[in-house]
Amino acid sequence: MKRIFYFGSCKIETTSGQRAWALRRLGHTVTCIDITQLLGLGAIFSWLHYRTGYRYLQRRILSLLRSRLSEIIDEPDLLWVDGGQYFGPKILSLLKYFYGVPIVLYNIDDPTGSRDACHYVQFNKAIPLYSLCVFVRQETALEALALRAKRVLVVSRSYDEVCHLQKGLTCPTHRHHQSASFIGTNIKGENRDMFLLSLIQQGCPIRIYGVRWEKSPFWTQLQSFHAGNQLIGANYVKAIKSAQACLGLLSHQNRDLITTRSLEIPACAGVFCAELSSEHQLLYENNIEALIWSDSESCALSVRGLLLDGHRRASIQKAGTSHVRAMGVGNEDICRHILSVVGQ
């Protein structure tokens, strides 16, 4: 078993924290160093440094890390950087100098894409210093190699075997909300607000959870369908379980063909209504394990059909959930695979 210094969140309600706890469940000793907690930035400064790629924070992060690491007596066998947006080459050089052990980067976003290019300026400069870079997109891995990554690994997105299965939360025998739910952020340029408004206008009852919806020009039409902001932990699982169906929208600016929720929704015993993509088509058998739609009209038709047919809804939910849980794409599975590759 390994002693791992984990640079990321250990809050169980975050995907980063769920990976840290998965490593612990595998028997490893995990020490979390959360850069966001060390920095303690407010909303305005967080936005500013996001836009400038954290380049003006590098000296401060170096100082904070030196202080924090000097307090830790144990020596690690491995460093795991989850996300990595804060870490430029000087910080990676410091970690290599301090410990001389393998450093793994794990990133589930699109750091080499165009949408968040300013966000990942320091990140991309540091790529050559990692022992292994782990991504969820093939194109990201190829672009990382072009940036002189030593080794890359592409893994599946994952759900969490504890947080998302929530064995103490039984699936209701009939869904509480006679509606389809979308859980996600209103992202500028993605037209999610227009899409959901179109569903509503076609007679689909919709519940929306997430942030930034009040910034939509259609907020007055959407406001009564907005059921809450960010969902975390058990509330996230309950919202999925209690919906008649859950919509899976992709971020086209982020080059998504699949998202983490594409696995989390069925894992939570939700009924998944997925936007058409090659990966969704490969992952699920349409009309058996999930419903796959191509536009607002086909989505509305699918949702209205599900709301009227409880037997079909239950059949799709059961098949989708069984399929995902049998795939070997839980956090423990993915973490185990990454560690086995590091050891080669």
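Kindly provide the set of residues from segment 210-233 that are among the hydrophobic types (A, V, I, L, M, F, W, C) and without any contact (Cβ under 8 Å) to a residue 60 or more places away in the chain, ordered by number.
Val211, Trp213, Phe218, Trp219, Leu222, Phe225, Ala227, Leu231
Here is the figure for segment 246-263: residues that are assigned to a loop (DSSP other than H, G, I, E, B) and over 18 Å from Ile206 (Cβ atoms) total 10. The set of residues in segment 120-170 being touching a Lys or Arg at 6+ places or on another chain (Cβ under 8 Å) and in a helix (DSSP H, G or I) consists of Val121, Gln122, Ile127, Pro128, Leu129, Glu139.
Quick one: in segment 112-126, which of the residues that are more than 17 Å from Val152 (Cα to Cα) and charged (D, E, K, R) is most open to solvent (accessible area, probe 1.4 Å)? Within segment 112-126, the match that is most open to solvent (accessible area, probe 1.4 Å) is Arg115. Hey, among Ser114, Ser179, which residue is modelled with pLDDT under 95 and touching a Leu at 6+ places or on another chain (Cβ under 9 Å)? Within the list Ser114, Ser179, the selection yields Ser179.
Tell me, which residue of segment 127-150 that is under 21 Å from Ser93 (Cβ atoms) and in contact (Cβ under 8 Å) with a residue 60 or more places away in the chain is surrounded by the fewest Cβ atoms within 10 Å (Cβ to Cβ)? Going through the qualifying residues, I end up with Ser131.
Quick one: would you say Ser46 is in a loop (DSSP other than H, G, I, E, B), of a type in the set (S, T, N, Q) and either open to solvent by less than 10 Å² (accessible area, probe 1.4 Å) or closer than 24 Å to Lys188 by Cβ (or both)? No. Against the condition part of a helix (DSSP H, G or I), without any contact (Cβ under 8 Å) to a residue 40 or more places away in the chain, among the basic types (Lys, Arg) and closer than 23 Å to Cys335 by Cβ, how does Lys96 come out, does it pass? Answer is yes for this residue.
The values are calculated or read from the model by the stated rules, or taken from the named source; none is laboratory data. Remember, predicted model here, so these are calculated numbers, not experimental data. Using ideal geometry, Cβ is built from the backbone for each residue, glycine included, and neighbour counts are taken over all protein chains shown. Note: accessible area is taken over every heavy atom of the protein model, side chains too, but ligands, DNA and RNA are not part of it. Shrake-Rupley method; radii C 1.70, N 1.55, O 1.52, S 1.80 Å.
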